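Visitor: Just passing along the structure, written as structure tokens.
What follows draws every value from the coordinates through simple rules; no lab data is involved. As the structure is a prediction and not an experimental result, all values here were calculated from the model. Ideal geometry is used to build each Cβ from the backbone, glycine not excepted, and the neighbour counts take in all protein chains shown.
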Amino acid sequence: MEWVLLGLVALVLIWGVTIYNGLVAMRQRVTQAYADIDVQLHQRHDLIPNLVETVRGYASHERETFDAVVKARNAAVSAQGPAEQAAAENMLTSTLGRLFALAEAYPDLKANQNFLALQSDLSHVEDKLA
């Protein structure tokens, strides 16, 4: 009888340790996933000033669009917490759409290799984020 009780206690302990280790592993995966997303967001934020400068050379009179992109980027960089960061990133995506729409109006810009490379890099980063 005593051995059966010790066996049950041992099984409960082993089960508890296994559950705890599984929870720790899941917490680590979540932390790593957030870190990976953060790296991609930083890469995105680093590409945007170069993209704005490239477009600015072709469309210098579109100051409002450039200011909106820069403001949205700064808000995204300084966002704290997942909810605020998601809202800031959505705003940034919206303003980048306006920037790309502006680029469509300038055929010389669409042929610029620097712009095309930056746009491609940004698309790759956004694909990774998705």
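Visitor: Arrange the peptides 77-84, 18-25 so that the one whose residues have, on average, the most other Cβ atoms within 10 Å appears first. Before the final figure, lay out the partial values.
Guide: On the way: 77-84: 11.5, 18-25: 10.0.
Peptide ranking by packing, descending: 77-84, 18-25.
Visitor: Would you please name the trypsin sites (Lys or Arg not before Pro) within the range 25-95 that are DSSP coil residues with at most 13 other C-beta atoms within 10 Å of their C-beta?
Guide: For trypsin sites (Lys or Arg not before Pro) across the range 25-95 that sit outside H, G, I, E and B with at most 13 neighbouring Cβ atoms in 10 Å, the list is empty.
Visitor: Classify the chain from the C-alpha gyration tensor, please: rounded if a/c falls under 1.5, else prolate or oblate depending on whether a/b exceeds b/c.
Guide: Working: a/c = 5.91, a/b = 3.68, b/c = 1.61.
It is prolate, given that a/c is not under 1.5 and a/b is the larger ratio.
Visitor: Sort the following peptides by mean Cβ neighbour count (other Cβ atoms within 10 Å, averaged over residues), highest first: 121-128, 87-94.
Guide: Numbers: 121-128: 14.2, 87-94: 16.4.
So the order, starting with the most tightly packed, is 87-94, 121-128.
Visitor: Work out the FRET efficiency for ARG98 and ARG29 from their Cβ-Cβ distance, taking R0 = 41 Å, and round it to the nearest 0.05.
Guide: For ARG98 and ARG29, the calculated efficiency is 0.70.
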